[in-house]
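Encoded as structure tokens, the structure appears first; notes follow it.
The values are calculated or read from the model by the stated rules, or taken from the named source; none is laboratory data. Owing to the predicted nature of the structure, the values given are computational and were not obtained by experimental measurement. A quick note on method: Cβ atoms are made from the backbone with ideal geometry, for glycine too, and the neighbour counts reach across all protein chains shown.
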Amino acid sequence: MPDTTTRERMISTAMTLFRREGYPATSWRRLVEEAGTPWGSAYHHFPGGKEQLGVAAIELGTELVAKTVRRAFERTETVEDAVRWWYRKAGQALAADGYRGGCPLATVSLEMANVSPTLTEACRTAFATWHRLLAGLIAGRGYDAERAEDLAFAAVELLEGALLLCRVRRSTAPLDRAATHFARLAREES
């Protein structure tokens, strides 16, 4: 069990550091120190190196966002309220992190899209997972499949842009505005 705990701690730490500081700027040494794990554990758990750890961190971020999205739809009645709830949770997490974090995929996606096909594919898969999940949940609230697909894209696109603006402005106001715009789109599509 200690191996699992060490591995999970390394993945969680990598996700946080990659999101805050970027993939290239995060060294193995920094990851091991921040995770509080033995130096040998890096290559023991990730023989494929930092890129393998990067994929695992992207997968963890994907799971965490999917869990939040599911919870948003479980706790609300309308698609608009679910997205507003999700965005509010994202804003709270971003503010609690001193506006250093944001999306667990954005920084890696931007930095590595033209550098690492492996990380690019992991990000592509992650965004597709979120899209499928959202489209299914939105369709489950009475929207036809095509409209649900469009709204799912809009929800992710608005979130990503708003998170970037939140970091720059050090305010969650862009997420509030994005939720309002999404609500208008959802009402137009119904």
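Condition first: part of a loop (DSSP other than H, G, I, E, B), modelled with pLDDT under 95 and touching a Gly at 6+ places or on another chain (Cβ under 6 Å). Can you find one or more residues in the stretch 97-104 that meet it?
Taking every residue of the stretch 97-104 in turn, at least one turns out to be part of a loop (DSSP other than H, G, I, E, B), modelled with pLDDT under 95 and touching a Gly at 6+ places or on another chain (Cβ under 6 Å).
Could you count how many residues in the stretch 61-95 are surrounded by fewer than 16 Cβ atoms within 10 Å (Cβ to Cβ) and touching a residue at least 24 places away in the same chain (Cβ under 8 Å)?
6
Considering each residue of the stretch 32-55, count those that are farther than 18 Å from Phe18 by Cβ and hydrophobic (A, V, I, L, M, F, W, C), and give that number.
1
Exactly one of (1) surrounded by fewer than 16 Cβ atoms within 10 Å (Cβ to Cβ); (2) closer than 17 Å to Leu134 by Cα; (3) not basic (Lys, Arg) is unmet by Gly40. Its number?
Of the numbered conditions (1) surrounded by fewer than 16 Cβ atoms within 10 Å (Cβ to Cβ); (2) closer than 17 Å to Leu134 by Cα; (3) not basic (Lys, Arg), the odd one out for Gly40 is (2).
What do you reckon, is Ala56 among the small types (Gly, Ala, Ser), closer than 27 Å to Trp28 by Cα and modelled with pLDDT of 95 or more?
yes
For Ala135, which of the numbered conditions (1) small (Gly, Ala, Ser); (2) in contact (Cβ under 8 Å) with a residue 60 or more places away in the chain; (3) buried (at least 21 other Cβ atoms within 10 Å of the Cβ) fails to hold?
Tallying (1) small (Gly, Ala, Ser); (2) in contact (Cβ under 8 Å) with a residue 60 or more places away in the chain; (3) buried (at least 21 other Cβ atoms within 10 Å of the Cβ), Ala135 fails exactly one: (2).
In the set Gly48, Gly102, which member is small (Gly, Ala, Ser), out of contact with any His (no Cβ under 9 Å at 6 or more places or on another chain) and surrounded by 20 or more Cβ atoms within 10 Å (Cβ to Cβ)? Before the answer, list the steps.
Values: Gly48 fails: surrounded by 20 or more Cβ atoms within 10 Å (Cβ to Cβ).
The match here is Gly102.
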